[in-house]
Amino acid sequence: MVPRVRFAPSPTGYLHVGGARTALFNWLYARRHGGAFILRIEDTDVERSSAEMIDGILDGLRWLGLDWDEGPEVGGPHGPYFQSERLDRYRQAVGRLVAEGRAYYCYCTPERLRREREFAEQRGEAWQYDRTCLTLSPERIAELEGGGARRAVRFKVPLAQTAFDDQVHGRIEFDASHVEDFVVLRSDLHPTYHLSVVVDDVDMGITHVIRGDDHISNTPKHLLLFEAFGAEPPVFAHVPLILGADKKRLSKRHGATSVTEYRQQGYLPGAMVNFLALLGWSPGDDSELMPVGELVVRFSLDGISGGNAVFDTTKLDWMNGQYIATLPVEALTAAVDPLLAAADLAPTAEMIAPDTSTGGPWLHRLLNLLRPRAKRLTDFVELARPFLVETVEYEAEAVVKHLSSPDIGDHVATLAAALGTLEPFDEAQVEAMVRATASARGIKAGALIHATRVAVTGRTTSPGIFEVLVLLGKTRSVARLERLVGFLGRRT
RNA sequence: GUCCCCAUCGUCCAGAGGCCUAGGACGCGGCCCUUUCAAGGCUGAAACCCGGGUUCGAAUCCCGGUGGGGACGCCA
């Protein structure tokens, strides 16, 4: 049997990291077993759904690389994949339930039900629908209908014991007496969630339902509906929830919760996928860094753990750094380029021109130098700034820390002169010259190096200074050293 | 309140009766490398929620407690 799984988001918000992980698990399962990953939009709540949210969710999935086999934009044999376009189907299914006596019309007003619930809550009790409308006399019904009363449809929950073998929790049993006669069709003729999921899962031939833990208590309702429709229920796997640092359900107040935000913050989709996969799942050994292809091969439902997981971005940062470290330089350049442009640091044509003598475009060499120092793509902007501006700004701290010695200007001037005639201008030669100059002037190499760093980057920190000098090239390096000499001269 | 799920280092996971003196990763401390910052290497501190069972033997099985989470809508 070819597995068919689905991700069924409700477009009432952006793609949440919890939703993204649910989608990922479904996708991994489908790809692992050569099955189909179906995307279905649960937009039956017209009040809260919007086209903008749908686009956001689709974008988020695409960014993560979770492609769907059936669903919006790609279509498929079981469409439509928007629940808002399947209303007739739901009404038909409900009609069948009513005809078979498995469901009944309910004329109770939402106000009355709400009051009942509030009373019960005040008494510290749970309240279940009292089945008022199950036993209405034909006369009373005629009266209500004649009066134009709005009616919803409720499922008549049978006296039963429901049970299922959850793939992550094992056997879970529920007594249906704890389930009230829930509404399946609202008075505005829109189906409720419970009805539409089951109808669609049956229609779309879903074999495995992988969803959040919060749906465990809904499962009995769904099981009852599958039974009422005479359909075989799918296999269920309820994955634990993602919590914030305070162990509360992850929400806005914990910081970024949508994948779009993480994208904007400079995270790589591969890192995000790897990180999310490890939240609540493990391959069974100590593997951590697994590209998506490996995740696909190793994914299994029984590797999903039962407890909730705290979303800790510290580890995500580390993982992102690992992915940045190994990203092909072309891809890295493409990812960083728009960020540089946005910061008014757009690389020039010469910077990206192929350079056979040095093994690659100048920009590639720069990014490779910066790479181990970046945790997020956005870090590259500040890291690269000194290399992409014409004149660097000297940070006050750097000036105080490394340019206080009275003779430092002379030392730098000497170095500038020496480097100006250096040939070839490569790392070994530059290093030898810097050290020789320091030695000849009777100062520590470190002192000269620090001053040089301030001259060429304006900062106290940078990649290795010899690499930096070579990358900048002789002309620019010397010019920057000389400019510092001028700066110091003016200062004193 | 009722029902359900869960419970190993601060965090994410490994562990499915003896392999556990409880392993890995992030983070944190130290050391090394070193011109700075990173990266990298080595290393240290850090946990089986509590109480009863079962068993020759329990982190692993059972029961209870406690704690955390979830669900109880004409939301999904």
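The values are calculated or read from the model by the stated rules, or taken from the named source; none is laboratory data. Remember, it's a predicted structure, so these values are computed and weren't measured experimentally. Positions of Cβ are generated from backbone atoms using ideal geometry, with glycine treated the same way; all protein chains shown enter the neighbour counts.
Look through A:400, A:389 and report the one residue that is surrounded by fewer than 17 Cβ atoms within 10 Å (Cβ to Cβ) and under 38 Å from the mean Cα position of the chain (by Cα). Break it down stepwise before answering.
Details: A:400 fails: under 38 Å from the mean Cα position of the chain (by Cα).
Residue meeting the stated conditions: A:389.
Considering (1) under 20 Å from residue A:25 (Cβ atoms); (2) surrounded by 13 or more Cβ atoms within 10 Å (Cβ to Cβ), say which one residue A:333 fails and leave the rest.
(1)
Yes or no: residue A:146 within 8 Å of RNA strand B (Cβ to nearest atom), surrounded by fewer than 17 Cβ atoms within 10 Å (Cβ to Cβ), farther than 17 Å from residue A:44 by Cβ and not charged (D, E, K, R)?
Working: within 8 Å of RNA strand B (Cβ to nearest atom): no; surrounded by fewer than 17 Cβ atoms within 10 Å (Cβ to Cβ): yes; farther than 17 Å from residue A:44 by Cβ: yes; not charged (D, E, K, R): yes.
Answer is no for this residue.
Find all pairs meeting these conditions: Cβ atoms under 9 angstrom apart; at least six residues apart or on different chains; first residue within the range A:300-311 and acidic (Asp, Glu); second residue near RNA strand B (Cβ under 7 Å from one of its atoms) and part of a loop (DSSP other than H, G, I, E, B).
A:302/A:284
Every residue in the range A:455-487 that is within 16 Å of residue A:445 (Cβ to Cβ), free of Cβ contacts under 8 Å to residues at least 60 places away in the same chain and more than 14 Å from RNA strand B (Cβ to nearest atom), please.
Passing the criteria: none in range.
Going by the conditions given, is residue A:176 small (Gly, Ala, Ser) and either within 15 Å of residue A:220 (Cα to Cα) or more than 6 Å from RNA strand B (Cβ to nearest atom) (or both)? Show your work before the answer.
Numbers: small (Gly, Ala, Ser): yes; either within 15 Å of residue A:220 (Cα to Cα) or more than 6 Å from RNA strand B (Cβ to nearest atom) (or both): yes.
Here the answer is yes, as residue A:176 does meet what is asked.
Given the options A:213, A:203, name the one that is touching a residue at least 24 places away in the same chain (Cβ under 8 Å), within 23 Å of residue A:235 (Cβ to Cβ) and within 7 Å of RNA strand B (Cβ to nearest atom).
Numbers: A:203 fails: within 7 Å of RNA strand B (Cβ to nearest atom).
Result: A:213 is the single residue among A:213, A:203 that is touching a residue at least 24 places away in the same chain (Cβ under 8 Å), within 23 Å of residue A:235 (Cβ to Cβ) and within 7 Å of RNA strand B (Cβ to nearest atom).
For the subset of the range A:15-40 comprising residues that are touching a Ser or Thr at 6+ places or on another chain (Cβ under 7 Å) and buried (at least 21 other Cβ atoms within 10 Å of the Cβ), which member is nearest to residue A:86 (Cα to Cα)? Spell out the reasoning first.
Here is the first cut: in the range A:15-40, the ones touching a Ser or Thr at 6+ places or on another chain (Cβ under 7 Å) are A:15-17.
Checking which are buried (at least 21 other Cβ atoms within 10 Å of the Cβ) leaves us with A:15, A:17.
Numbers: A:15: 23, A:17: 28 Å.
Among those that are touching a Ser or Thr at 6+ places or on another chain (Cβ under 7 Å) and buried (at least 21 other Cβ atoms within 10 Å of the Cβ), it is A:15.
What number of residues within the range A:249-289 are touching a residue at least 24 places away in the same chain (Cβ under 8 Å), touching a Gly at 6+ places or on another chain (Cβ under 9 Å) and of a type in the set (S, T, N, Q)?
Residues that pass the stated criteria total 3.
Can you pull out the residues in the range A:186-200 that are more than 8 Å from RNA strand B (Cβ to nearest atom) and crowded, with 19+ Cβ neighbours inside 10 Å? Give the steps one after another, and end with the answer.
Within the range A:186-200, the first condition is being more than 8 Å from RNA strand B (Cβ to nearest atom), and the residues that meet it are A:189, A:195, A:198-200.
Once the filter is applied, which keeps residues that are more than 8 Å from RNA strand B (Cβ to nearest atom) and crowded, with 19+ Cβ neighbours inside 10 Å, the range A:186-200 yields A:195, A:198, A:199, A:200.
Taking the residues in the range A:150-173 that are within 7 Å of RNA strand B (Cβ to nearest atom) and within 21 Å of residue A:107 (Cβ to Cβ) as candidates, determine which candidate is surrounded by the fewest Cβ atoms within 10 Å (Cβ to Cβ).
A:150
Checking the conditions here, which among A:55, A:69 is in contact with a Leu (Cβ under 9 Å, 6 or more places away or on another chain) and charged (D, E, K, R)?
Working: A:55 fails: in contact with a Leu (Cβ under 9 Å, 6 or more places away or on another chain).
Just one listed residue meets the conditions, A:69.
In this structure, does residue A:188 turn out to be part of a loop (DSSP other than H, G, I, E, B), in contact with a strand residue (DSSP E or B) (Cβ under 8 Å, 6 or more places away or on another chain), closer than 30 Å to residue A:107 by Cα and not hydroxyl-bearing (Ser, Thr, Tyr)?
So residue A:188 does not fit the description; no.
Only one of (1) on the phi > 0 side of the Ramachandran plot; (2) crowded, with 18+ Cβ neighbours inside 10 Å; (3) modelled with pLDDT under 95 fails for residue A:43. Which number is that?
(1)
Go through (1) modelled with pLDDT of 95 or more; (2) surrounded by fewer than 17 Cβ atoms within 10 Å (Cβ to Cβ); (3) β-branched (Val, Ile, Thr) one by one and return the number of the condition residue A:141 breaks.
(1)
Pull out all pairs, ordered by first then second residue, where Cβ-Cβ is under 6 Å, the residues are six or more apart or on different chains, the first lies in the range A:40-62 and is touching a residue at least 12 places away in the same chain (Cβ under 8 Å) and under 14 Å from residue A:7 (Cβ atoms), and the second is more than 8 Å from RNA strand B (Cβ to nearest atom) and charged (D, E, K, R).
So the pair list comes out as A:40/A:6.
Looking at the range A:120-135 only, could you name the residues that are among the hydrophobic types (A, V, I, L, M, F, W, C), surrounded by 11 or more Cβ atoms within 10 Å (Cβ to Cβ) and more than 17 Å from residue A:228 (Cβ to Cβ)? Reasoning before the result, please.
Going through the range A:120-135, the residues among the hydrophobic types (A, V, I, L, M, F, W, C) turn out to be A:120, A:126-127, A:133-134.
Okay, now just the ones that are also surrounded by 11 or more Cβ atoms within 10 Å (Cβ to Cβ), so A:120, A:127, A:133-134.
Once the filter is applied, which keeps residues that are among the hydrophobic types (A, V, I, L, M, F, W, C), surrounded by 11 or more Cβ atoms within 10 Å (Cβ to Cβ) and more than 17 Å from residue A:228 (Cβ to Cβ), the range A:120-135 yields A:120, A:127, A:133.
Across the range A:418-440, which residue is nearest to residue A:473 (Cα to Cα) among those that are surrounded by 15 or more Cβ atoms within 10 Å (Cβ to Cβ) and away from RNA strand B (no atom under 14 Å from the Cβ)?
A:425
For the range A:163-204, name all the residues that are charged (D, E, K, R) and closer than 15 Å to residue A:88 by Cα.
Within the range A:163-204, A:186, A:188, A:200, A:203 qualify.
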